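Notes follow the structure.
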Amino acid sequence: MKPSTRWTPSSPAPCPAFAGKMTASVPQKDDAPAPLEKVQARAAFWFLLPAYSLYVLFVLLPALATIVFTFLYLDRYTWTAEFVGFDNILYVLADGRFWTSFRNTFYFVFLAAIGNVGLGLVFAAVLDRALPKAMLYILRLAFFLPVLVSTALVSLVWQFIYSSDLGVLNYYITSIGLPRIGWLSDERVAMISVVIMDVWKHFGFFMIILLAALQSIPREITEAAEMDGSGPLATFFFIKIPMIAPVILFCVTYATIGGLQMFESVRILTSGGPGDATTSMVMYMYEQAFSSQDIGAGSAAALVLLITIVIVTLVQLKLGTRAVDQ
C-alpha cells in the first residue's frame, strides 16, 4: 500500500519550505485585532478630550489658582506676589459687608428654595391629574420655557417690569389708586423682587422633575388608597409625598446650591443695592476682585463660599437622608 503523504500536527513537515509557510500563516499575538472594548475606550477618549480640556482650562485651573491666590498679596501694578498666609481670609471674615452678604445670601436661599420647590410641587401635582395630552404638553412647555432663557435676558425684562416710572407693575398699582412701590430701590422689598424673578424663571425646572417622580408612582398604589377611602389630599400628602421624598431632597439641595451662587440677577437688577440690601456672597467676591482690584480678598471670599456650599450640602444630605429613611 502506498504510504500517505498528508501532513498532520504530530508528524514532521514534508519539506522545509512548506514548514516555513505554515509558520508564517499562524497569526502572531501582536497582529491580533484589539478587543472591541479597547477600540470603544480609545474612541471615547478622543471624543471626550475637548470637553475635558475645556473643563481643565476654565474650571479646574481657575479653582486651583483661586486657592493659591487666597494666600498671596498680588500687586496689580508691579505684578508681584507676596505670601501673606491667612491674612486675606482673616480680612474677609472681619469685614462687616461680608457678613451682610452672608446673611443676604441665606435669606435669598431660604425664600427661593421654598418658592421654587414648593411652587414646582404644586404645579406638578396639578399636571399629574387626568388632562388631555395636548394640554399637558402645552402647559409643560409654557412653564419650562423660562428655564431655557438666559438669566441675563430674564433679568433685563424684569428690570423693566419693576421700573418705578415705566414698569408694568407700578402702572397697574397706580391705576387702582395705590402709591408706587420701589421694587428695586426700596431696601424692604428689593430682595423679595429678586426672589420673585428667580422663582418665575426656575420653578419650571423643578416642576418637570417632580412631575416625572409623581408619574412614576404605580397607579395600583393610589387606586388602592382611594378604594380604602383616602381622599385626593390625603393620598397626595401621606402616600405620594413620602414616595417621592428622595426627589424632593434632591430638588431642595439643588436649589440651595444654586441660590448660594446667585450673581447674574443681582448684578443686573440691583448691583447689590440699595445699599447692601441684595449683595450676595458672589457679588461681594466680585466687588473685591474686580472693583477693588484685591485679588487675594476676592479669592479668599470664593474659598469661604466653597467651604460654605460643601458644609451646607453635607448637612442637608445628612438630615434629609435621615428624614427620608424615617
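Values in this text are rule-based calculations from the coordinates and carry no lab data. Since this is a predicted model, take the numbers as computed values, not measurements. Note that we place each Cβ from the backbone using ideal geometry, even for glycine, and neighbour counts take in every protein chain shown.
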Selected from Ala134, Ala213, Ala245 as most flexible by GNM, with the chain as the system and alpha-carbon contacts under 10 Å = Ala134
When Lys and Arg each count +1 and Asp and Glu each count -1, what net charge do the other residues less than 12 Å away from Phe263, Cβ to Cβ, add up to?
-> -2
Under a 10 Å cutoff between Cα atoms, tell me which one of Asp276, Asp228, Asp294 has the largest fluctuation in the Gaussian network model of the chain.
-> Asp228
Spin-label model distance (nm) - Leu131 vs Leu156, 7 Å beyond Cα toward Cβ | 3.1 nm
Quick one: dipole size for the range 193-260, taken about the Cα centre, charges +1 on Lys/Arg Cβ and -1 on Asp/Glu Cβ, in debye to the nearest 20.
-> 260 debye
Neighbouring Cβ atoms within 10 Å as the yardstick, rank Lys318, Lys133 fewest first.
-> Lys133, Lys318
For Val315, Val252, order by how many other beta-carbon atoms lie within 10 Å, fewest first = Val315, Val252
Counting Lys and Arg as +1 and Asp and Glu as -1 over every other residue whose Cβ sits under 12 Å from the Cβ of Ala124, the net charge comes to +2
For the range 87-325, report the translational diffusion coefficient in µm²/s to the nearest whole number, using Stokes-Einstein at 25 °C, 0.890 mPa s, and a Kirkwood Rh over Cα pairs.
-> 123 µm²/s
Where labels lie 7 Å past Cα in the beta-carbon direction, separation of Ser271 and Ile176 in nm | 3.3 nm
Of the DSSP H helices in the chain, those whose Cα atoms cover at least 18 Å axially and whose Kyte score averages -1.0 or more | 36-55, 96-127, 133-148, 190-215, 245-260, 295-325
Farthest toward the dipole's positive end in the chain, which of Asn116, Ser193, Thr279, given Cβ charges of +1 (Lys, Arg) and -1 (Asp, Glu) about the Cα centre?
-> Asn116
Say each of Phe236 and Val168 gets a label point 7 Å from the Cα, pointing the same way as Cα to Cβ; how far apart are those two points in nm?
-> 2.7 nm
Note to self, the chain gives a 222 nm [θ] from helices alone (DSSP H runs n ≥ 4, -39500 (n - 2.57) apiece, / all residues, nearest 500) of -21000 deg cm²/dmol
